[in-house]
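K.L.:
This is the structure, below, for whatever I ask next.
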Amino acid sequence: FAFILPGIVGLALAAAWWFADRNPPTFPGDNEPAAAPPPPMRVILQDRRVWLLLAARALTDPVWYFHLFWLPGYMQEKLGVSLPQLGWIGWIPSFVASAFVMATGRTTDYFVARGYSPVRVRVTMFAAAALFAPVGAFTTFAPSITWAIVMISLVAIVCQIWFFGQGLLVADVFPKNSAATIAGLLGAVGASGGLIMNLVAGPLIERAGYIPVFAGLACLHPLAALMLWRARPRLAANPVAA
């Protein structure tokens, strides 16, 4: 029932949206000439900037997937949280992260609109968020459920800023006719990294416990931030025309 009810609600909302959306908005660019066809995949993969972003995504997405799938079990096993209690508090990290992502997006757009380099603004945002990622290493030492939720929420904020912010960076760096393809590649690599993380997390936790896993994951966002920070000039070499 817990799976069926949300599914029914989702289908009802989708149907309501379908019948209500009878007047789609128009934009000034709708009358512009059609964009050039997308380049072949081999041409896209020849761009080193694509591989740089793919590497950053492969490093960072597993952190989110681990927290998404393994934290409920961790909180039940190590913190003594019951399933009903988990339902009351499990939504907090995602909710807080969503609010911060919206605020961060507005903030970066504010600076970009005032003439700052989009690449510099986005990468600075990533670096600032990554400074808080090491907090995740101390999750296993949280003295209470409240502190554990605070630490988990901070990590969720970092993960979501990176998850959604990379889409903005792709739009800033690459032409319109290849941006969607590159965004799809990032999603595929990130999901694949999450899949691998879930495959290896169980044996790692069984053999070494949660502490080294949390500590290792806490290093991935800072490492990816360092990669992107050093590559700022290369990323901004051919920005998308305004």
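The values are calculated or read from the model by the stated rules, or taken from the named source; none is laboratory data. The structure displayed is predicted, hence computed values, not measured ones. Cβ placement follows ideal geometry from the backbone for every residue including glycine, while neighbour counts extend to all protein chains displayed. With ligands, DNA and RNA removed, areas are computed over all heavy atoms of the protein, side chains included. Shrake-Rupley method; radii C 1.70, N 1.55, O 1.52, S 1.80 Å.
K.L.:
Just for region 48-93: of the residues that are surrounded by 18 or more Cβ atoms within 10 Å (Cβ to Cβ) and among the β-branched types (Val, Ile, Thr), which one is farthest from Leu154 (Cα to Cα)?
P.N.:
By that ranking, first place goes to Val50.
K.L.:
Go over the candidates Val200, Val189 one by one and state the one that is in contact with a Lys or Arg (Cβ under 9 Å, 6 or more places away or on another chain), β-branched (Val, Ile, Thr) and at pLDDT 90 or above.
P.N.:
Going through Val200, Val189 in turn, the sole match is Val189.
K.L.:
Right, another one. Residue by residue through region 58-103, note down the ones that are outside any helix (DSSP H, G or I) and either among the hydroxyl-bearing types (Ser, Thr, Tyr) or modelled with pLDDT of 90 or more (or both).
P.N.:
Of everything in region 58-103, just one residue is outside any helix (DSSP H, G or I) and either among the hydroxyl-bearing types (Ser, Thr, Tyr) or modelled with pLDDT of 90 or more (or both), namely Ser82.
K.L.:
State whether the residues of region 107-127 include one that is open to solvent by 60 Å² or more (accessible area, probe 1.4 Å), in a helix (DSSP H, G or I) and closer than 20 Å to Tyr74 by Cα.
P.N.:
Looking for residues that are open to solvent by 60 Å² or more (accessible area, probe 1.4 Å), in a helix (DSSP H, G or I) and closer than 20 Å to Tyr74 by Cα, one finds none in region 107-127, hence no.
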